[in-house]
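Read through the structure below, which is laid out as structure tokens, and then see the notes.
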Amino acid sequence: MPKPPQFGPAGRIGLVVPANNSVIEPEFWSALPPGAALYATRILARGDLTPDAVRAMEGAMDRAVEELAATGVDVILLADMVTTFIMEPGWNAHRTAQVAARTGTACASAWTALRDALAALGVRRIALGTPYPAAIHALAPPFFWANGFTVQGHATLDILAMRDVPEVRPDQLAGFVRALPWQQAEAVVLLATDLPSFASLAALEAAIGIPVISCNAALLWRALRLAGNATPIHGFGRLLETP
């Protein structure tokens, strides 16, 4: 049998991270189970969150994927959610399949991870929150409706500058989530991989009584399972506690 790697014997996760994102790596490191390891490479993203900026960033993804494949990771995560709403329909399925075929490594995107996490929890009715500028946020509810979800209500923090999203404080996020129309939903869904959430998920769930699922929680949950590690992780919400 092959000898397990010295680092990451319980799963080696590779992240393709937009360069403005200062959140997802520290959040993953705070929750990784023993024996799992994280490796990230970055793609340039700067300025305001606009469709042109997102398309330019996506153009750097091939290089980032090759770098992670050379590291020998068990799974590659395309850790950006807004591409789902900006790129052409079917982008997630096409890109993840392309990466897996080219590298021989399992691949998930922010959307495919979130989709699978919601399925695992049996969630179809959601309240949706994002930090996106209003014009981009407006693309998200129709996407979820088109994919079979009922959006009970939605709202945005309407943040334009990419570097401002990681500055959202836990008290801001808590007030934002409580103000969402979550009462008829089965879960609250928080989009954007640069939106800080791990410090808030468990407390928010205790306050409103339903799962609160962020993109980063869904990505970590899916990555570990693709790497063969189903260890429950406590303190970061119901999803990551799911065996």
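The values are calculated or read from the model by the stated rules, or taken from the named source; none is laboratory data. Just so it is clear, the model here is predicted, and its values are computed rather than measured. FYI the Cβ positions are ideal-geometry reconstructions off the backbone, even for glycines, and counts take in every protein chain you see. To get the accessible areas, we keep the full protein, side chains included, count just its heavy atoms, and leave off ligands, DNA and RNA. Shrake-Rupley method; radii C 1.70, N 1.55, O 1.52, S 1.80 Å.
Exactly one condition in (1) polar (S, T, N, Q); (2) more than 19 Å from I210 (Cβ to Cβ); (3) open to solvent by less than 20 Å² (accessible area, probe 1.4 Å) is not met by T156; state its number.
If we test T156 against (1) polar (S, T, N, Q); (2) more than 19 Å from I210 (Cβ to Cβ); (3) open to solvent by less than 20 Å² (accessible area, probe 1.4 Å), just (3) comes out false.
Has region 86-96 got any residue that is of a type in the set (V, I, T), closer than 20 Å to N20 by Cα and either touching a residue at least 60 places away in the same chain (Cβ under 8 Å) or open to solvent by less than 10 Å² (accessible area, probe 1.4 Å) (or both)?
Here is the first cut: in region 86-96, the residues of a type in the set (V, I, T) are 86, 96.
When the remaining residues are screened for being closer than 20 Å to N20 by Cα, the result is 86.
Remaining after also requiring either touching a residue at least 60 places away in the same chain (Cβ under 8 Å) or open to solvent by less than 10 Å² (accessible area, probe 1.4 Å) (or both): none.
For region 86-96, residues of a type in the set (V, I, T), closer than 20 Å to N20 by Cα and either touching a residue at least 60 places away in the same chain (Cβ under 8 Å) or open to solvent by less than 10 Å² (accessible area, probe 1.4 Å) (or both): absent.
Go through the residues of region 187-199 one by one and say whether even a single one is under 17 Å from the mean Cα position of the chain (by Cα), among the hydrophobic types (A, V, I, L, M, F, W, C), open to solvent by 30 Å² or more (accessible area, probe 1.4 Å) and at negative phi.
Filtering region 187-199 down to residues under 17 Å from the mean Cα position of the chain (by Cα) leaves 187-199.
Retained after the next criterion (residues that are among the hydrophobic types (A, V, I, L, M, F, W, C)): 187-192, 195, 198-199.
Narrowing further to those that are open to solvent by 30 Å² or more (accessible area, probe 1.4 Å): 199.
Narrowing further to those that are at negative phi: 199.
Yes.
Considering only region 125-137, I want to know if a residue exists there that is among the hydrophobic types (A, V, I, L, M, F, W, C) and part of a loop (DSSP other than H, G, I, E, B). Steps first, please.
Quick first cut of region 125-137, residues among the hydrophobic types (A, V, I, L, M, F, W, C) only: 126-128, 134-136.
When the remaining residues are screened for being part of a loop (DSSP other than H, G, I, E, B), the result is none.
Checking region 125-137: not a single residue is among the hydrophobic types (A, V, I, L, M, F, W, C) and part of a loop (DSSP other than H, G, I, E, B).
Kindly evaluate T103 against the criterion of being closer than 25 Å to L195 by Cα, hydroxyl-bearing (S, T, Y) and buried (at least 17 other Cβ atoms within 10 Å of the Cβ).
Details: closer than 25 Å to L195 by Cα: no; hydroxyl-bearing (S, T, Y): yes; buried (at least 17 other Cβ atoms within 10 Å of the Cβ): yes.
It is false that T103 is closer than 25 Å to L195 by Cα, hydroxyl-bearing (S, T, Y) and buried (at least 17 other Cβ atoms within 10 Å of the Cβ).
Can you report the number of residues in region 2-43 which are surrounded by fewer than 17 Cβ atoms within 10 Å (Cβ to Cβ) and at positive phi?
Residues flagged as surrounded by fewer than 17 Cβ atoms within 10 Å (Cβ to Cβ) and at positive phi within region 2-43 amount to 1.
Of everything in region 205-231, what is buried (at least 23 other Cβ atoms within 10 Å of the Cβ) and assigned to a helix (DSSP H, G or I)? Give them in sequence order. If you could, list the steps in order and put the result at the bottom.
Within region 205-231, the subset buried (at least 23 other Cβ atoms within 10 Å of the Cβ) is 211-224.
Passing the criteria: C215, N216, A217, A218, L219, L220, W221, R222, A223, L224.
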